[in-house]
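Input: a single structure, listed below in structure tokens.
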Amino acid sequence: MSYPGLPIMKQLLVLAAFIMLVGLAKGEDKTRYFTDGNKLLQICKVDYSTAIAQVEFHDIGNCAGYVAASVDALSMLMKLDGQECIFKTDLHVALGQYVDVVKLYLINHPTNRHFPAIELIMTALHEAFPCK
């Protein structure tokens with residue numbers, strides 16, 4: 001199904017997130033994940049105020065991009081597929097806030113970092129921005 005006005009990459013990202021979430025709901029985790037919590041924390045732990053190397057700036061962009069794409073995919077999943085509220089979306093929440101929430105969750109939950117990054121992002125956002 002195609003959604004007019006929605007770029008094909010976003011449609012594919014939403015589809016991938018949906019497939020992954022369906023697999024998680026069934027308890028069957030046979031999906032190949034590119035990034036787990038350990039990898040995400042590695043690129044997100046760079047401090048914006050002290051980043052000086054090109055690699056550090058690259059990691060900052062990758063972290064923010066991964067979190068932004070995950071927020072977009074999960075938000076679209078809730079909207080397009082009539083899913084229950086996973087987390088409360090708010091137009092006033094800045095990307096930096098989402099990144100901070102995810103980073104703090106990863107730091108505070110080291111025993112969960114082997115799980116897929118998208119699952120950890122979903123949990124972090126659900127805890128920080130609960131549906132009411």
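Of everything in the stretch 104-121, what is surrounded by 19 or more Cβ atoms within 10 Å (Cβ to Cβ) and touching a helix residue (DSSP H, G or I) at 6+ places or on another chain (Cβ under 6 Å)? Give them in sequence order.
Correct list: Tyr105, Leu106, Ala117, Ile118, Leu120, Ile121.
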If you scan the stretch 77-100, which residues turn out to be part of a helix (DSSP H, G or I) and under 19 Å from Lys132 (Cα atoms)?
-> Leu77, Met78, Lys79, Tyr98
Tell me, which residue of the stretch 74-106 that is basic (Lys, Arg) and within 15 Å of the chain's Cα centre (by Cα) is modelled with the lowest pLDDT?
-> Lys88
Tell me which residues, restricted to the stretch 107-132, are part of a helix (DSSP H, G or I), under 12 Å from the mean Cα position of the chain (by Cα) and not hydroxyl-bearing (Ser, Thr, Tyr).
-> Ala117, Ile118, Glu119, Leu120, Ile121, Met122, Ala124, Leu125, His126
Flagged pairs (Cβ under 9 angstrom, 6 or more apart or on separate chains; first in the stretch 64-80, within 17 Å of Gly37 (Cβ to Cβ) and without any contact (Cβ under 8 Å) to a residue 60 or more places away in the chain; second charged (D, E, K, R) and crowded, with 16+ Cβ neighbours inside 10 Å) are Val67/Lys103
Out of curiosity, is Leu95 surrounded by fewer than 17 Cβ atoms within 10 Å (Cβ to Cβ), of a type in the set (A, V, I, L, M) and over 22 Å from Gly61 (Cβ atoms)?
-> no
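The values are calculated or read from the model by the stated rules, or taken from the named source; none is laboratory data. Computed from a predicted structure; not experimentally measured. So basically every Cβ, Gly included, is an ideal-geometry build from the backbone, and we count neighbours across all protein chains shown.
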